[in-house]
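This report concerns only the one structure given below.
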2 protein chains.
Amino acid sequence: MPTGVRIDVTPARIHSLTFNMDGLIPAIVQDHETREVLMMAWMNAESLHLTFDQGRMVYWSRSRRELWRKGDTSGDRQFVREAYYDCDSDCLLFVVEQEGAGACHTGERSCFYRSFGDGELVEAAPA
Amino acid sequence: MPTGVRIDVTPARIHSLTFNMDGLIPAIVQDHETREVLMMAWMNAESLHLTFDQGRMVYWSRSRRELWRKGDTSGDRQFVREAYYDCDSDCLLFVVEQEGAGACHTGERSCFYRSFGDGELVEAAPA
């Protein structure tokens with residue numbers, strides 16, 4: 001059975017983060033082995049507390065307006081390995097063990113499965 | 001001199017993305033070699049067009065309310081190598097070559113240089 005890391009974080013520490021006007025903060029999720037970026041989702045203070053407490057990713061679903069314990073329906077749970085916050089304290093980064101097929105509701109491993117084309121390698125514009 | 005990838009994207013394609021009520025979309029930035037997540041910042045349609053056109057990361061600064069050509073002041077430019085959008089078309093992922101010391105204004109390589117503690121490895125909560 002996969003294991004997650006339980007992280008002891010005080011409510012004061014959670015509330016020292018900068019949440020937006022809707023009380024949310026973005027969380028980037030990265031695979032612990034491949035370092036692939038799997039998804040980005042939003043958390044409120046409660047879902048962040050639950051994530052730290054349970055060692056499993058719990059988000060706030062903006063569309064359903066409810067807590068979203070990732071994988072409860074799909075089985076594709078995400079177990080916390082590392083957790084970071086950025087220089088402005090307004091964005092989070094979680095390194096996780098992804099269970100099952102992947103993070104994306106489409107069945108893809110990463111939500112970022114579509115690219116903007118192959119591009120053309122050119123000299124970067126000066127200055 | 002580092003080079004970036006110029007990507008041909010039509011204005012219609014850019015406007016098919018989901019921008020928030022402020023006309024912005026979050027962009028996650030990952031190092032092309034180490035796959036380290038360097039930062040997250042916001043783009044509007046214009047900064048996204050400029051990023052694709054110049055092969056360099058151009059953001060929208062929410063605090064200064066102006067276009068932010070990353071590295072123009074610091075010298076720490078970011079050159080585009082790959083660009084992705086997520087399943088909901090409301091988040092972007094750029095894989096870049098980071099010039100100079102790093103992405104963060106503090107001098108750190110990544111903005112996510114602070115973690116939420118070492119944690120304690122426990123069995124994940126059942127179900």
Considering the range A:90-110, residues that are buried (at least 19 other Cβ atoms within 10 Å of the Cβ) and small (Gly, Ala, Ser), and then whichever is nearest to the chain's Cα centre (by Cα), we arrive at A:ALA103
Since B:ASP8 meets every condition but one in (1) farther than 22 Å from B:SER110 by Cβ; (2) more than 8 Å from chain A (Cβ to nearest Cβ), which condition does it not meet? (2)
Taking the criterion of being under 22 Å from A:ASP90 (Cβ atoms), in contact (Cβ under 8 Å) with a residue 40 or more places away in the chain, of a type outside the set (Val, Ile, Thr) and more than 10 Å from chain A (Cβ to nearest Cβ), would at least one residue in the range B:49-59 satisfy it? no
So, in the range A:51-72, of the ones that are of a type in the set (Ser, Thr, Tyr) and in contact with a strand residue (DSSP E or B) (Cβ under 7 Å, 6 or more places away or on another chain), which residue ends up surrounded by the fewest Cβ atoms within 10 Å (Cβ to Cβ)? A:SER61
The residue that is modelled with the highest pLDDT, considering only those in the range B:73-89 that are more than 8 Å from chain A (Cβ to nearest Cβ) and open to solvent by 40 Å² or more (accessible area, probe 1.4 Å), is B:ARG81
Going through the range A:1-35 in order, the residues found to be at pLDDT 95 or above, under 19 Å from A:ALA101 (Cβ atoms) and buried (at least 18 other Cβ atoms within 10 Å of the Cβ) are A:VAL29, A:GLN30, A:ASP31
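Return yes when B:MET43 is within 12 Å of chain A (Cβ to nearest Cβ), at negative phi and either in contact with a helix residue (DSSP H, G or I) (Cβ under 8 Å, 6 or more places away or on another chain) or at pLDDT 95 or above (or both) and no when it is not. Explain how you work it out, then say what you get.
Working: within 12 Å of chain A (Cβ to nearest Cβ): no; at negative phi: yes; either in contact with a helix residue (DSSP H, G or I) (Cβ under 8 Å, 6 or more places away or on another chain) or at pLDDT 95 or above (or both): yes.
So B:MET43 does not fit the description; no.
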Output for the range A:94-111, where each listed residue is part of a loop (DSSP other than H, G, I, E, B) and either closer than 12 Å to B:ASP86 by Cα or touching a helix residue (DSSP H, G or I) at 6+ places or on another chain (Cβ under 9 Å) (or both): A:ALA103, A:CYS104, A:HIS105, A:THR106, A:GLU108, A:ARG109, A:SER110, A:CYS111
Looking at the range B:60-71, is at least one residue assigned to a loop (DSSP other than H, G, I, E, B) and among the polar types (S, T, N, Q)? yes
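Take the range B:1-58 and flag every residue that is assigned to a strand (DSSP E or B), more than 13 Å from the chain's Cα centre (by Cα) and not small (Gly, Ala, Ser).
In the first step, residues of the range B:1-58 are kept if they are assigned to a strand (DSSP E or B); the result is B:3-6, B:25-31, B:37-43, B:56, B:58.
Pick out the ones that are also more than 13 Å from the chain's Cα centre (by Cα) and you get B:3-6.
Within the range B:1-58, B:THR3, B:VAL5, B:ARG6 meet the criteria.
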Return yes when A:TYR113 is free of Cβ contacts under 8 Å to residues at least 40 places away in the same chain, under 19 Å from B:CYS91 (Cβ atoms) and open to solvent by less than 10 Å² (accessible area, probe 1.4 Å) and no when it is not. no
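The values are calculated or read from the model by the stated rules, or taken from the named source; none is laboratory data. Note that the structure is predicted; figures quoted are calculated from it, not measured. Neighbour counts run over all protein chains shown; Cβ positions are idealised from the backbone, glycine included. When the accessible area is computed, the model is the full protein with side chains, heavy atoms only, and any ligands, DNA or RNA have been set aside. Shrake-Rupley method; radii C 1.70, N 1.55, O 1.52, S 1.80 Å.
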